[in-house]
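Chemist: Please read through the structure below; I'll follow up with questions.
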Amino acid sequence: MRVLILGGTTEAAALARALTDVEVVTSLAGRTRSPAALPGQVRIGGFGGAQGLAQYLDAEGIGALVDATHPFAARISANAAEAARLRPTPRLMLVRPEWTPQSGDRWTMVPGIPAASDAVPGGARAFLAIGRQDLAPFAGRADAWFLIRSVEPPDGPLPLHHSVITARGPFRVEDEAALLAEHRIDVLVAKNSGGDDAKLAAARRLGIPAVLVERPALPEGERVGTVEEAVRWVQALPRPRRGRGAGAEGNERQRRS
Ligand code: NAP
């Protein structure tokens, strides 16, 4: 059984590590220059749309597909759904639960990145914790200051007044609170990614409001929220039957022993 994991997330890496009795291929988009080491096979780069992914599933004899991409990676998830329809393949979405407001949170929910940029008040000192791919809508905001954090340095247009820090999570609440205080941040901007919520906890602790970008819609299909559930889904898949050759070989081996 070969299982293709569409990755680029902590959960995808954890699933690759947890699936010990199947052959795992993890696919990465190639956005990170030095991705963390993963067990099994790793392939990097786009497939060429849904058609390309369907062809890949066929050519590589993939028996099941787990879409464990980031909740904001909408295009690849749509492609995965379409590819699994074109080349019928069991497909599961592993999607971490989204954050929900707790007592003390001062959140403004917005439908997309441009709306998040509009929601930052003029004169604000904003912490932009949305990664490096979605910064363009903020480039025109010369009336606010931005602390931009991403795993790798951004390469697109940036707002006039900004400072960039590169760091990879997970982060500790204490460190996040210290960062917010050090830079005198008065608004946090984040995607509702779920998972490590240290920055939100720190903002709550300091009474700092947050602009949270709502998730894009997911395609239809079976969905779980944890790596453990995804492991059980894979384990419950019907295993491919041995070919006649393999069976005959096995019988022969049994007869010899
Ligand atoms: P996207 O907009 O949904 O995808 C754009 C294109 O990138 C896809 O059409 C596909 O190209 C290729 N692609 C994306 N994920 C891929 C994968 N796992 N393997 C092979 N090709 C992939 O995705 P994105 O938002 O740019 O995110 C790219 C990757 O970064 C994803 O794997 C995601 O899990 C990870 N990530 C994203 C975010 C985020 O905020 N968006 C945050 C953390 C990690 P083809 O059409 O040519 O196949």
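The values are calculated or read from the model by the stated rules, or taken from the named source; none is laboratory data. Just so it is clear, the model here is predicted, and its values are computed rather than measured. Cβ placement follows ideal geometry from the backbone for every residue including glycine, while neighbour counts extend to all protein chains displayed. Just the protein is used for accessible areas: all its heavy atoms, side chains included, with ligands, DNA and RNA removed. Shrake-Rupley method; radii C 1.70, N 1.55, O 1.52, S 1.80 Å.
Chemist: Quick check on my filter: what residues within segment 40-99 are within 17 Å of THR26 (Cβ to Cβ), within 12 Å of the ligand (Cβ to nearest atom), open to solvent by 40 Å² or more (accessible area, probe 1.4 Å) and touching a residue at least 40 places away in the same chain (Cβ under 8 Å)?
Modeler: HIS70, ILE76
Yes/no matrix, rows are residues, columns are (1) of a type outside the set (D, E, K, R); (2) touching an Asp or Glu at 6+ places or on another chain (Cβ under 8 Å):
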site	(1), (2)
ARG172	no, no
GLU176	no, no
VAL189	yes, no
ASN192	yes, yes
ALA198	yes, yes
ALA201	yes, yes
VAL211	yes, no
GLU214	no, no
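Chemist: Right, here's the next one. Hey, THR32 hits all of (1) within 12 Å of the ligand (Cβ to nearest atom); (2) farther than 18 Å from PRO219 by Cβ; (3) more than 13 Å from the chain's Cα centre (by Cα); (4) open to solvent by 30 Å² or more (accessible area, probe 1.4 Å) but one; which does it fall short on?
Modeler: All conditions pass for THR32, except number (3).
Chemist: I'd like to verify a number: residues in segment 146-187 that are touching a residue at least 60 places away in the same chain (Cβ under 8 Å) and away from the ligand (no atom under 16 Å from the Cβ), how many?
Modeler: Within segment 146-187, residues that are touching a residue at least 60 places away in the same chain (Cβ under 8 Å) and away from the ligand (no atom under 16 Å from the Cβ) number 3.
Chemist: Tell me, which strands (runs of 3 or more DSSP E) lie completely within segment 161-257 with 2 or more residues that are surrounded by 15 or more Cβ atoms within 10 Å (Cβ to Cβ), at pLDDT 95 or above and hydrophobic (A, V, I, L, M, F, W, C)?
Modeler: Where strands (runs of 3 or more DSSP E) fall fully within segment 161-257 and carry at least 2 residues being surrounded by 15 or more Cβ atoms within 10 Å (Cβ to Cβ), at pLDDT 95 or above and hydrophobic (A, V, I, L, M, F, W, C), they are 187-191, 210-213.
Chemist: Condition (residue is within 16 Å of the ligand (Cβ to nearest atom) and at pLDDT 95 or above) applied to segment 103-111: is it met by at least one residue?
Modeler: yes
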